[in-house]
Amino acid sequence: MSQFQTPDLPYAYNALEPYIDEATMKIHHDKHHVAYTTNFNKALENYPKLAEKSAEEILSQLNSVPEEIRTAVKNHGGGHVHHNFFWEIMAPAGQGGKPQGELLKAIISSFNSFEKFKEEFTTAAMTVFGAGWAWLSLVDGKLIIEKTSNQDSPYSLGHQPILGIDVWEHSYYLKYQNRRAEFVENFFNVINWLKVAEKYQANK
């Protein structure tokens with residue numbers, strides 16, 4: 001058995017409709033995510049010691065990964081980890097509610113209001129050039145919004161993401177074509193704020 005596995009989705013392929021469609025979820029999970037995991041395992045084949053670590057750990061120590069596999073680990077390890085994360089922080093519309101409690105206080109403290117956070121997060125997602133991600137991450141106990149290109153990872157910067165949006169075209173093109181703004185707006189309907197709050201509590 002390979003070290004890293006693509007986990008099943010925590011809900012049905014059509015559970016995020018009408019905001020994210022079933023066809024996209026099938027291709028995104030079964031093709032793109034599976035390919036990242038497969039190629040990540042392949043990159044680590046000759047490095048059993050490395051494969052004993054968690055994928056997040058490997059990404060957070062990217063500079064110590066042997067140079068000949070570093071790019072493959074960054075790209076495919078990043079793809080594997082980021083997608084595991086992405087499926088987790090979404091839930092059928094309404095199930096994840098809105099941020100509450102300590103997480104909401106931390107968002108307001110960092111961005112002045114939830115609306116301002118939403119605006120800044122959307123701007124980050126919209127200004128990723130080409131493919132990449134926008135993140136809400138914890139850095140030294142503080143919340144920041146950041147963006148990364150391709151599958152470059154916040155973990156490699158020593159940051160702890162608690163929310164992220166995939167703005168590679170494969171995550172929205174079947175339904176939204178070039179309308180990334182509409183996809184980003186609709187993403188807010190399927191955020192699992194309970195899971196985001198859990199990640200916040202675990203890493204603050």
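Here the range 1-26 and the range 168-199 have alpha carbon centers that stand 13 Å from each other. Helix 34-44 axis versus longest C-alpha principal axis of the chain: approximately 40°, rounded to the nearest ten.
Paramagnetic label reach from Ser110 (point 7 Å along Cα→Cβ; backbone nitrogen cut-off under 11 Å): within the range 45-65, no residues. Taking the 0 to 90 degree range and rounding to the nearest ten, how far is the long axis of helix 114-126 tilted relative to the main principal axis of the chain, both from C-alpha atoms? Roughly 40 degrees, rounded to the nearest 10. The charge dipole of the range 22-88, taken about its Cα centre with unit charges on the Cβ of Lys, Arg, Asp and Glu (plus for the first two, minus for the last two), comes to roughly 120 debye.
From the largest down, the range 101-174 spans 35, 27, 18 angstrom on the principal axes of its Cα atoms. Extension gain for Lys31-Asn189 works out to 54.4 nm (0.36 nm per residue, less the C-alpha to C-alpha distance).
With a Förster radius of 30 Å applied to the C-beta separation of Val139 and Arg70, the computed FRET efficiency comes to 0.80. Under 5 Å between amide hydrogens, built in the peptide plane, is the criterion, and for Leu163 it picks out Leu136 among residues at least 5 positions away or on other chains.
Taken one residue at a time, the phi angles of the range 97-112 give Karplus couplings (6.51, -1.76, 1.60, θ = phi - 60°) of x, 10, x, 9, x, 4, 4, 4, 4, 5, 5, 5, 4, 7, 10, 6 Hz. Gly and Pro are set to x. Extension gain for Glu56 to His170 (0.36 nm times residue separation, less C-alpha to C-alpha distance): 38.7 nm. Shape analysis of the range 22-88 places it in the prolate category; the axes a ≥ b ≥ c from the Cα gyration tensor give an a/c of at least 1.5, with a/b above b/c.
The protection proxy used here, the mean number of other Cβ atoms lying within 10 Å of each residue, ranks peptides 173-181, 187-195, 119-127 as follows, highest first: 187-195, 119-127, 173-181. Relative to the longest principal axis of the C-alpha atoms of the chain, give the angle of the C-alpha long axis of helix 78-88, reported between 0 and 90° and rounded to the nearest 10°. Taking the Cα atoms of the chain, the angle to 78-88 is about 40 degrees.
In summary, the lysines within cross-link reach of Lys199, defined as a Cα separation below 29 angstrom excluding same-chain residues under 8 places away, comprise Lys26, Lys31, Lys49, Lys53, Lys74, Lys98, Lys105, Lys116, Lys118, Lys142, Lys147.
Spherically averaged projected area of the convex hull of Cα atoms, the range 13-142: 9.9 nm². The charge dipole of the chain, taken about its Cα centre with unit charges on the Cβ atoms of Lys, Arg (+1), Asp and Glu (-1) only, comes to about 220 debye. A full extension of the chain between Tyr47 and Asn14 corresponds to an added length of 8.1 nm, given 0.36 nm per residue minus the alpha carbon distance. Per residue of the chain, the DSSP helices (runs of n ≥ 4 H) give a summed -39500 (n - 2.57) that works out to -12000 deg cm²/dmol at 222 nm. Each label was represented as a point 7 Å from its Cα along the Cα-to-Cβ direction; for Lys98 and Asn150 these points are 4.0 nm apart. Remark: relative contact order (the chain) = 25 percent; criterion is Cα-Cα distance under 8 angstrom and separation of 6 or more residues.
We did not get these values from a lab; they are worked out from the coordinates using the rules stated. The shown structure was predicted, so the numbers you read here are calculated from the model rather than taken from an experiment. Ideal geometry is used to build each Cβ from the backbone, glycine not excepted, and the neighbour counts take in all protein chains shown.
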